[in-house]
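The values are calculated or read from the model by the stated rules, or taken from the named source; none is laboratory data. As the structure is a prediction and not an experimental result, all values here were calculated from the model. Because the Cβ atoms are built from the backbone with ideal geometry, glycine has one as well, and the counts that use them run over all protein chains shown.
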Amino acid sequence: MNYVLVPVIAVIIAFIGLKLFRWMKILDKPGNDLKNTRKPVPTIQGIFVYLGFFITIALLFPQYLHNNLFWGLLFGSLPIVIFELIEELNYIGKINFRIPTGLRLVGHIVWALLAIWIGSFAPQEFIINGHVRVMPQWLLAIGFAFWAILCINAINWFDGIYGQASGVSSIWFLTIFLLIQFVVFKHYTNFTDINMQTLLFVKDISFVLFCISLVSTILEYKPLGLVRDVWIMFFWFSLAYLSVVGGAKIGTLIVALSLVIFDAIWVWLWRIFIMKKNPIKWDYTHLHHRLLGLGRTRKEVRGFVRIWSIVMMIFILIQWTNRINKLIIFTVMALVFFGANYYLFAVKKLPCGLTMKKNN
């Protein structure tokens, strides 16, 4: 019954957010870059994503309010929400203050480390030459901080077309939910009480975030409202967090998120070796920019991204626990992605992105 009510609450909270922000005139600033010519719509709906997440858990899954893992996720993502909220309010002209990029990065790292501490992560075990080894807590914290920063920045660079990042996010939250329900629970039986409680937590949280992200995808399609980086970074911090909490399923998730990760790697290499510029300096060379530059429409770009993501989700699920096959899939997809990009943009010399100016 709770699973039925989750999307209902997500829709109600999103509707309240749209009405409230329209009444308060907190609207976006349409420009001439990748935005359609249209009237302003309510922006920073990501605030209601964050609040809606907490409200949904409090109403339907109150047992997790006593779980350190929940508070690790909530407080670990809090500075991301605050920093991106300030950035967006500055962009739409509501405030004149901006947080320096370096300070934002430091804040993300510090709170990622605190998320591990607040969440009281269980020791991570792995097998080497048939022997079970336990990962030191300090190494887990450092590894998670790197993984979280990679995830939130990769999706931030990947965002740029209405509903693209939100659509991908909904698919991958669904992937985690289905992976636990139909792979982990079906093929593994030796769970301790703690292991079982943790897996149930990850499954339930993933379903809640899947429903909220799906509602956000629908809102952004026309768009009726925009969630902005406030939402996008929160959700991908959550993806990083849940993948580690669920038993370090990072390898599986990397395969599932291959398109976003491949694109981040390609753009960095292109900027460093071809454009001879700082790889973190902003431009229009990401996947959606390249596809638009090749004459594809926004609808076609969104369709390509979602089809790739769904196909990867299916591949992951039907491989069950076979790690070798997942590695093969990842390798083949990498060869296809980088091979196609190299041929089109390095050999054929087609435009690698769009030549436009960013609106301020």
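Restricting attention to the stretch 302-350, the residues being assigned to a loop (DSSP other than H, G, I, E, B) and at pLDDT below 90 number 4.
Is it the case that the stretch 226-242 has a residue that's in a helix (DSSP H, G or I), at pLDDT 85 or above and more than 11 Å from the chain's Cα centre (by Cα)? Yes, that holds for at least one residue. When 83, 61 are checked against the criterion of being farther than 26 Å from residue 103 by Cα and crowded, with 18+ Cβ neighbours inside 10 Å, a single residue qualifies: 61. Of the set (1) part of a helix (DSSP H, G or I); (2) over 26 Å from residue 92 (Cα atoms); (3) at pLDDT 85 or above, all apply to residue 219 but (2). When the stretch 266-287 is limited to residues that are in contact (Cβ under 8 Å) with a residue 24 or more places away in the chain and not hydroxyl-bearing (Ser, Thr, Tyr), the one that is farthest from residue 164 (Cα to Cα) turns out to be 274. From the list 298, 290, the lone residue that is in contact (Cβ under 8 Å) with a residue 40 or more places away in the chain and over 23 Å from residue 150 (Cα atoms) is 298.
Filter the stretch 86-108 for residues that are crowded, with 16+ Cβ neighbours inside 10 Å and touching a residue at least 40 places away in the same chain (Cβ under 8 Å) and give the result. Once the filter is applied, which keeps residues that are crowded, with 16+ Cβ neighbours inside 10 Å and touching a residue at least 40 places away in the same chain (Cβ under 8 Å), the stretch 86-108 yields 87, 88, 89, 91, 92, 108. Residues satisfying the criterion are present in the stretch 252-275 (criterion: more than 19 Å from residue 150 (Cα to Cα) and part of a loop (DSSP other than H, G, I, E, B)). Checking each residue in the stretch 158-173 for being of a type outside the set (Val, Ile, Thr) and under 27 Å from residue 317 (Cβ atoms) picks out 158, 159, 163, 164, 165, 166, 167, 169, 170, 172, 173.
With the structure loaded, tell me whether residue 43 is touching a strand residue (DSSP E or B) at 6+ places or on another chain (Cβ under 9 Å) and polar (S, T, N, Q) or whether it fails that test. Yes; evaluated as a whole, the condition is true for this residue.
Which of the residues that make up the stretch 243-275 are farther than 30 Å from residue 342 by Cβ and either at pLDDT 90 or above or basic (Lys, Arg) (or both)? If the condition is that a residue be farther than 30 Å from residue 342 by Cβ and either at pLDDT 90 or above or basic (Lys, Arg) (or both), then 249 is the only one that fits. Just one residue in the set 323, 296, 290, 271 is farther than 21 Å from residue 170 by Cα and surrounded by 19 or more Cβ atoms within 10 Å (Cβ to Cβ); that residue is 290. Of all residues in the stretch 291-301, those being part of a helix (DSSP H, G or I) and of a type in the set (Val, Ile, Thr) number 1.
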